[in-house]
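The values are calculated or read from the model by the stated rules, or taken from the named source; none is laboratory data. In this text the structure is predicted, and so the values were computed from the model without any measurement. Cβ placement follows ideal geometry from the backbone for every residue including glycine, while neighbour counts extend to all protein chains displayed. Quick note on the areas: whole protein, heavy atoms, side chains included, nothing else; ligands and nucleic acids left out. Shrake-Rupley method; radii C 1.70, N 1.55, O 1.52, S 1.80 Å.
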Amino acid sequence: TQLLEQSPQFLSIQEGENLTVYCNSSSVFSSLQWYRQEPGEGPVLLVTVVTGGEVKKLKRLTFQFGDARKDSSLHITAAQPGDTGLYLCAGAPASGAGSYQLTFGKGTKLSVIP
Amino acid sequence: NAGVTQTPKFRILKIGQSMTLQCTQDMNHNYMYWYRQDPGMGLKLIYYSVGAGITDKGEVPNGYNVSRSTTEDFPLRLELAAPSQTSVYFCASSYLPEGRGAFFGQGTRLTVV
């Protein structure tokens, strides 16, 4: 079973601060995705990274895929209350059976205090 | 665009009852998935489908069944509900394999008492 460890599990910060969320595994992934989920809603896809070392930016959010494709990070600059939510990473295994099965991390619950 | 639509949003079942969770997508996606989300546990894959008529088990299939007679619909059947099936269930669809680019429904919150 592929495992994705997310850290921290909980994060409470003041508006305007920067933060980084990590997603780590001992397994190689063919792609890794980040989702944001708000209470009572389904996850919404933010980004997919597929190439080792890839960096993608989405406004104040910067996503990086590790060179070895085993880890990823999400950096938020100048956090705003609207960034509050549960951030989930999900990876697809690089080879073998189960290539249709995304593995999800347990999530990082972010609260941005005005 | 409706995207992925799940019904019902909430349901309370008694132990031993059965029910079907409905899922419909209007994006003509081949790949569809059912996940369950328990507090602090992330999402676990129950079943998935790569196209009409083709389904396969995910990580936690016991106690569930699925069918995929059309591209649009992917219902999840719970037989003999148990308290361990209390969870939030999400249906998702994607145009790429591996769940890449997946769109999720709003979820069904199920309580088994």
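Apply the Karplus parameterisation 6.51 cos²θ - 1.76 cosθ + 1.60, with θ equal to phi minus 60°, to every residue of the stretch B:51-67 and state each ³J(HN,Hα) to the nearest whole Hz, in sequence, with x for glycine and proline.
x, 4, x, 10, 9, 7, 6, x, 6, 10, x, 4, x, 10, 9, 9, 8
Tell me, what is the Rg over Rh of chain B, with Rh the Kirkwood radius over Cα pairs? Don't jump to the answer; show the numbers that get you there.
Values: Rg = 13.0 Å, Rh = 13.8 Å.
Answer for chain B: 0.94.
Nearest 20 debye, what's the magnitude of the dipole of the stretch A:5-113 about its Cα centre given +1 on Lys and Arg Cβ and -1 on Asp and Glu Cβ? Each step should come with its number before you reach the end.
Working: 9 positive and 9 negative charges, 35 e Å.
With only Lys, Arg, Asp and Glu charged at Cβ, the dipole is about 160 debye.
Per residue of A:102-112, what is the mean number of Cβ atoms on other protein chains within 10 angstrom of that residue's Cβ?
Numbers: counts 12, 6, 8, 2, 6, 5, 0, 1, 0, 0, 0.
What the average comes to for A:102-112 is 4.
As a test, work out the antiparallel percent of DSSP beta bridges whose residues both lie in chain A, rounded to the nearest 5.
Numbers: 36 of 41 bridges.
Close to 90 percent.
Roughly speaking, to the nearest percent, how much of the protein assembly as shown's 1.4 Å accessible area is carbon and sulfur? Mind dumping the intermediate values first?
Numbers: 5400 of 10710 Å².
Reported share for carbon and sulfur atoms: 50 percent.
Using only the Cα atoms of the stretch A:28-114, build the gyration tensor, take square roots of its eigenvalues as a ≥ b ≥ c, and label the shape rounded, prolate or oblate: rounded if a/c is under 1.5, else prolate if a/b is larger than b/c, else oblate. Display every interim value, and only then the final one.
Working: a/c = 2.76, a/b = 1.53, b/c = 1.80.
It is oblate, given that a/c is not under 1.5 and a/b is not larger than b/c.
Could you give the accessible area per residue of chain A, probe 1.4 Å, as a whole number in Å²? Kindly include the intermediate steps, with their values, before the conclusion.
On the way: 5440 Å² over 114 residues.
With all protein chains present, chain A gives 48 Å² per residue.
To the nearest 100 Å², how much accessible surface do chains B and A cover up together, summed over both, with a 1.4 Å probe?
Numbers: alone 6170 and 6340 Å², together 10710 Å².
Interface between B and A: roughly 1800 Å².
Rounded to the nearest 20 Debye, what is the dipole magnitude of the stretch B:4-105 about its Cα centre when Lys and Arg each give +1 and Asp and Glu each give -1 at the C-beta? Present the calculation step by step, with values, prior to reporting the outcome.
Values: 9 positive and 8 negative charges, 55 e Å.
With Lys and Arg at +1 and Asp and Glu at -1, about 260 debye.
Of the options A:P8, A:L32, B:C23, report the single residue whose Cα projects farthest towards the positive end of the charge dipole of the protein assembly as shown (beta-carbon charges: Lys, Arg +1; Asp, Glu -1).
B:C23
How many Å² of accessible area per residue for chain B, probe 1.4 Å? Walk me through the numbers on the way to the answer.
Values: 5280 Å² over 113 residues.
With the other protein chains kept in place, chain B gives 47 Å² per residue.
Once you mark the trypsin sites (Lys or Arg not before Pro) that are in a DSSP loop and have at most 11 other Cβ atoms within 10 Å, what is the longest gap between them in chain B?
Working: sites that count: B:K9, B:K14.
Between the exposed loop sites, the longest stretch runs B:15-113.
Looking at chain B, what % of its DSSP beta bridges pair antiparallel, to the nearest 5?
The antiparallel fraction comes to roughly 90 percent.
Which shape class applies to the protein assembly as shown: rounded if a/c is under 1.5, otherwise prolate when a/b exceeds b/c and oblate if not, where a ≥ b ≥ c are the square roots of the Cα gyration tensor eigenvalues? It would help to have the intermediate numbers written out before the result.
Numbers: a/c = 1.88, a/b = 1.44, b/c = 1.30.
Prolate, since a/c reaches 1.5 and a/b exceeds b/c.
Remind me, relative contact order of the stretch A:5-113 in percent, using alpha carbon pairs under 8 angstrom and six or more residues apart? Show your work: numbers first, answer last.
On the way: 276 pairs, mean separation 39.2, N = 109.
Averaging sequence separation for qualifying contacts and normalising by length gives 36 percent for the stretch A:5-113.
Considering only the other residues whose Cβ falls under 15 Å of the Cβ of B:D38, what net charge follows from Lys and Arg at +1 and Asp and Glu at -1? Walk me through the numbers on the way to the answer.
Values: positive: A:K106, A:K109, B:R36, B:K44, B:R109; negative: B:E59.
Residues close to B:D38 contribute a combined charge of +4.
Along the charge dipole of chain A, which of A:Q64, A:Y87, A:T108 sits closest to the positive end, that is, farthest toward it, with unit charges on the beta carbon of Lys, Arg, Asp and Glu (+1, +1, -1, -1)?
Value computed over the given set: A:Q64.
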